[in-house]
Amino acid sequence: MLSTGALRAHLLAARLAGPVATSREVSLRSYRLFAARDPRVTLGLDPGRGWAEQDLLRLMADRCGVSDDPAHVSGPDVIDPERTLAGLDAFAERLSYAAVRRAPVLFGTGHPHRLLGFYAALADAMSAAGCSVLTPAQGRCIDITTRFGVRTCSLDYVRGVAMVREPGVRSRGGDTGAHTHSPLPVRVVLEAAAEGRGRLPELVVGDHGWVCGAGQLGIEAIGLADTDDPALFVGEAEGRVAVAVPLDDGVPSAYYRPLTRYVLNRAFLSR
């Protein structure tokens with residue numbers, strides 16, 4: 001069993017917490033865009049109150065541990081590992097509660113090249129615990145606006161985890177999905193489940209628009225978020241997102257494996 005101390009050391013060594021690769025400049029830009037309600041960073045969340053840049057900076061300092069000094073404008077951003085550990089504990093608690101109830105669960109990621117393995121292991125464990133891991137709208141086409149224009153992507157599932165792919169892109173390992181912040185995929189999935197009179201998820205697990213899009217629609221949602229993803233933490237502060245775990249979401253996929261073991265142990269889902 002991975003101890004809290006060992007995981008804390010891993011978080012710092014892998015730069016999942018502590019000084020992270022996300023720059024202060026990128027984080028501050030996201031806070032400015034969120035304050036202006038730019039959909040690229042609101043991720044499907046419709047905030048219930050006005051969030052000025054300074055409000056967001058204070059929130060992110062509280063939830064992630066970034067500096068709350070507006071004069072600090074450059075260099076690597078920082079995540080407090082204690083906040084990451086607390087977030088992972090809360091994340092595991094929600095998984096455990098869903099497993100006990102054998103609740104239907106939906107997993108989805110906008111970071112398939114990094115986080116697919118993390119979510120897939122959780123999906124396997126939830127399925128083994130008797131939960132239905134939902135996979136509606138397989139193959140459905142979705143038009144997503146990107147900085148390069150509108151891209152038509154297709155919805156796919158790998159080991160129970162939803163992602164989107166650009167046309168003609170597929171790897172042998174199956175994890176070459178598109179990086180997206182859009183909430184459209186989760187909306188399409190939920191609409192397909194409702195239209196087909198299938199089960200709707202009682203819990204959505206993921207990141208970016210998967211979490212915020214589900215939370216905005218009133219579905220319990222938990223996920224991972226970097227310092228430049230204020231939407232998840234605003235959603236958590238406003239009660240639309242159940243848990244937002246602060247960590248770097250762009251490190252090599254192998255670095256998330258200790259987090260997987262820790263969460264499964266904490267959720268009593270280890271086999």
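The values are calculated or read from the model by the stated rules, or taken from the named source; none is laboratory data. Source: prediction; values computed, not measured. Here the Cβ positions follow ideal geometry from the backbone for every residue, glycine too, while neighbour counts run over all protein chains shown.
Being more than 23 Å from residue 76 (Cβ to Cβ), among the hydrophobic types (A, V, I, L, M, F, W, C) and over 12 Å from the mean Cα position of the chain (by Cα) narrows it down to one residue among 204, 263; which is it?
The conditions single out 263.
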message: Residue under question is residue 85, and the condition is that it be surrounded by fewer than 22 Cβ atoms within 10 Å (Cβ to Cβ), among the hydrophobic types (A, V, I, L, M, F, W, C) and farther than 22 Å from residue 122 by Cβ; does it hold?
response: no
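Suppose we filter 239, 218, 213 for residues that are modelled with pLDDT of 95 or more and buried (at least 20 other Cβ atoms within 10 Å of the Cβ); which single one remains?
Values: 239 fails: buried (at least 20 other Cβ atoms within 10 Å of the Cβ); 218 fails: buried (at least 20 other Cβ atoms within 10 Å of the Cβ).
Being modelled with pLDDT of 95 or more and buried (at least 20 other Cβ atoms within 10 Å of the Cβ) holds for just one of 239, 218, 213, which is 213.
Just checking, does the stretch 104-114 include any residue being under 18 Å from residue 271 (Cα atoms), out of contact with any Cys (no Cβ under 6 Å at 6 or more places or on another chain) and either in contact (Cβ under 8 Å) with a residue 60 or more places away in the chain or assigned to a loop (DSSP other than H, G, I, E, B) (or both)?
Going through the stretch 104-114, the residues under 18 Å from residue 271 (Cα atoms) turn out to be none.
So far as the stretch 104-114 goes, no, none of its residues is under 18 Å from residue 271 (Cα atoms), out of contact with any Cys (no Cβ under 6 Å at 6 or more places or on another chain) and either in contact (Cβ under 8 Å) with a residue 60 or more places away in the chain or assigned to a loop (DSSP other than H, G, I, E, B) (or both).
Residues are listed down the side, and each one gets a yes or a no for (1) among the aliphatic types (A, V, I, L, M); (2) surrounded by fewer than 24 Cβ atoms within 10 Å (Cβ to Cβ):
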| site | (1), (2) |
| --- | --- |
| 187 | no, yes |
| 194 | yes, yes |
| 200 | yes, yes |
| 208 | no, no |
| 224 | yes, no |
- request: Find the residue count for the stretch 256-271, including only residues that are crowded, with 18+ Cβ neighbours inside 10 Å and of a type in the set (Phe, Trp, Tyr).
  value: 2
- request: Scan the stretch 211-242 for residues that are within 24 Å of residue 53 (Cβ to Cβ) and of a type in the set (Asp, Glu) and jot them down.
  value: 226, 228, 229, 236, 238
- prompt: So which of 68, 55 ends up being assigned to a helix (DSSP H, G or I) and either touching a Cys at 6+ places or on another chain (Cβ under 6 Å) or surrounded by 13 or more Cβ atoms within 10 Å (Cβ to Cβ) (or both)?
  reply: 55
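Taking the condition of being among the aliphatic types (A, V, I, L, M) and assigned to a helix (DSSP H, G or I), how many residues in the stretch 255-269 meet it?
Just the residues of the stretch 255-269 that are among the aliphatic types (A, V, I, L, M), to begin with: 259, 263-264, 267, 269.
Right, trim to assigned to a helix (DSSP H, G or I) and you get 259, 263-264.
Total satisfying the criteria: 3.
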message: Checking the structure you have, find out if any residue of the stretch 167-182 is surrounded by fewer than 16 Cβ atoms within 10 Å (Cβ to Cβ), out of contact with any Phe, Trp or Tyr (no Cβ under 7 Å at 6 or more places or on another chain), under 27 Å from residue 78 (Cα atoms) and touching a residue at least 40 places away in the same chain (Cβ under 8 Å).
response: yes
field: Single condition residue 184 does not satisfy, out of (1) of a type outside the set (S, T, N, Q); (2) at pLDDT 95 or above; (3) in contact with a Lys or Arg (Cβ under 6 Å, 6 or more places away or on another chain)
entry: (3)
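Can you name every residue in the stretch 219-254 that is assigned to a loop (DSSP other than H, G, I, E, B), more than 21 Å from residue 75 (Cβ to Cβ) and β-branched (Val, Ile, Thr)?
Here is the first cut: in the stretch 219-254, the residues assigned to a loop (DSSP other than H, G, I, E, B) are 219-220, 226-229, 239-242, 247-252.
Filter once more, keeping what is more than 21 Å from residue 75 (Cβ to Cβ): 219-220, 239-242, 252.
The answer is 219, 241.
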message: Could you check the stretch 83-103 and list, in sequence order, the residues that are in a helix (DSSP H, G or I) and without any contact (Cβ under 8 Å) to a residue 60 or more places away in the chain?
response: 86, 97, 100
query: Identify, please: which residue in the stretch 31-49 is touching a helix residue (DSSP H, G or I) at 6+ places or on another chain (Cβ under 8 Å) and either on the phi > 0 side of the Ramachandran plot or not in a helix (DSSP H, G or I) (or both) and is, among those, surrounded by the most Cβ atoms within 10 Å (Cβ to Cβ)?
result: 43
task: Check residue 6 against each of (1) surrounded by 14 or more Cβ atoms within 10 Å (Cβ to Cβ); (2) assigned to a helix (DSSP H, G or I) and name the one condition it does not meet.
output: (1)
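With within 20 Å of residue 131 (Cα to Cα) and acidic (Asp, Glu) as the only criterion, which of 195, 191, 236, 220 stands out? Please lay out each step first, then the result.
On the way: 195 fails: within 20 Å of residue 131 (Cα to Cα); 191 fails: within 20 Å of residue 131 (Cα to Cα); 236 fails: within 20 Å of residue 131 (Cα to Cα).
Testing whether each residue is within 20 Å of residue 131 (Cα to Cα) and acidic (Asp, Glu) leaves just 220.
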